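The values are calculated or read from the model by the stated rules, or taken from the named source; none is laboratory data. It should be emphasised that the depicted structure is a prediction, and the values quoted were computed from it without experimental measurement. Cβ: placed from backbone, ideal geometry, glycine included. Neighbour counts: every protein chain shown. Surface areas here come from the heavy atoms of the whole protein model, side chains and all, with no ligands, DNA or RNA. Shrake-Rupley method; radii C 1.70, N 1.55, O 1.52, S 1.80 Å.
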Amino acid sequence: MIKKILATLVVIPLCLFLFLFWLGYFSSRPPLTTDPATLAGDGSTLDYCDLPELDGSGKLAADIPKGNTPGCGYSHFPLPVLAQCTEPLPEGAEDIRGLWLGVKGGHVGHVERVEQCGSRVVVTTSGVIHDYGPNSTAGFNTDDTDGSVPFTIGNNEYCMRSSASMIWNNGVLDFHVFGWGPVIVKRYMEGDQLVWEYADGSTTHMGRLCRLPEEYKVPSPRGKRMAFFSSEDS
């Protein structure tokens, strides 16, 4: 009897771990719906201090395809996903648009672009595109990857899937894991700086950039990238 209980206590957590591992790394990815022209374009050529007027003269957020990450990361910094969108921000939303550089705190040197239009928010950084809100092709929540590649099998990279909602709460943009879970990331303005509270417990203060520095155009590879069944093994 005791052996059966012990076996159950081992088997059930193991099965749960294997299921979550499969879900995170091997389950089917959502289709890539980012406009190909957006991915092909060069986002490093733009002036991010010249932000578009959100005056309602152009497209709504819901008219534009959802942006998500190609594979485990884009090859170069893409054009803005919401470039044609001019829908005004909703009540309760702070304007945190722009290009930001970590200048103090846990992630000095981190660079990210934040786009907003209507209730939609897109964060592009370090090879990934996180897009939340109404769109023309998919659900509200982000549904892509964290961009880190812990291992490869053959020529294929594997990175963990991620999903979150971005909800404004008294001037703070809260990222809820899976859309309904706890808050794991926060972004909010503090004076002229954008503050980023990350899931690793760090807090980073970011200053505004007008141009993307050349060294950030191509993202650095992330993750340990342990190789299994690579061509070098044969």
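Looking at segment 90-119, which of its residues are within 18 Å of Leu60 (Cβ to Cβ), open to solvent by 30 Å² or more (accessible area, probe 1.4 Å) and either in contact with a Phe, Trp or Tyr (Cβ under 7 Å, 6 or more places away or on another chain) or among the acidic types (Asp, Glu) (or both)?
Within segment 90-119, the first condition is being within 18 Å of Leu60 (Cβ to Cβ), and the residues that meet it are 90-91, 93, 95, 97, 115-119.
Those left that are additionally open to solvent by 30 Å² or more (accessible area, probe 1.4 Å): 90-91, 95, 119.
Result: Glu91, Asp95.
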Original post:
When both residues are 6+ apart or on different chains and their Cβ atoms are under 7 Å apart, which pairs have a first residue that lies in segment 170-198 and is closer than 18 Å to Leu89 by Cα and modelled with pLDDT of 95 or more, and a second that is exposed (fewer than 14 other Cβ atoms within 10 Å of the Cβ) and not aromatic (Phe, Trp, Tyr)?
Top reply: Tyr188/Gly171
Subject >> In segment 155-164, the residues that are open to solvent by less than 30 Å² (accessible area, probe 1.4 Å) and outside any strand (DSSP E or B) >> reply: Cys159
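Restricting attention to segment 27-46, report how many residues are hydroxyl-bearing (Ser, Thr, Tyr) and under 10 Å from Pro70 (Cβ atoms).
Within segment 27-46, the subset hydroxyl-bearing (Ser, Thr, Tyr) is 27-28, 33-34, 38, 44-45.
Checking which are under 10 Å from Pro70 (Cβ atoms) leaves us with 34.
Of the residues in segment 27-46, 1 are hydroxyl-bearing (Ser, Thr, Tyr) and under 10 Å from Pro70 (Cβ atoms).
So that you can scan it fast, the table gives a plain yes or no per residue for (1) open to solvent by 40 Å² or more (accessible area, probe 1.4 Å); (2) within 19 Å of Leu23 (Cα to Cα); (3) not hydrophobic (A, V, I, L, M, F, W, C):
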site	(1), (2), (3)
Trp168	yes, no, no
Trp180	yes, yes, no
Gly201	yes, no, yes
Phe228	yes, no, no
Subject >> Near pairs, Cβ below 6 angstrom, 6+ apart or cross-chain, from segment 222-234 (part of a strand (DSSP E or B)) to any residue that is modelled with pLDDT of 80 or more >> reply: Met226/Phe151; Ala227/Thr152; Phe228/Ile153
Subject >> Index of the failed condition, Leu23 passing every other in (1) farther than 22 Å from Asn169 by Cα; (2) in contact (Cβ under 8 Å) with a residue 40 or more places away in the chain; (3) surrounded by 15 or more Cβ atoms within 10 Å (Cβ to Cβ); (4) hydrophobic (A, V, I, L, M, F, W, C) >> reply: (3)
Original post:
If you take the residues in segment 120-148 that are out of contact with any His (no Cβ under 8 Å at 6 or more places or on another chain), modelled with pLDDT under 95 and outside any loop (DSSP other than H, G, I, E, B), which one is least open to solvent (accessible area, probe 1.4 Å)?
Top reply: Thr145
Original post:
Out of (1) under 22 Å from Ser126 (Cβ atoms); (2) in contact (Cβ under 8 Å) with a residue 12 or more places away in the chain, the odd one out for Gly92 is which?
Top reply: (1)
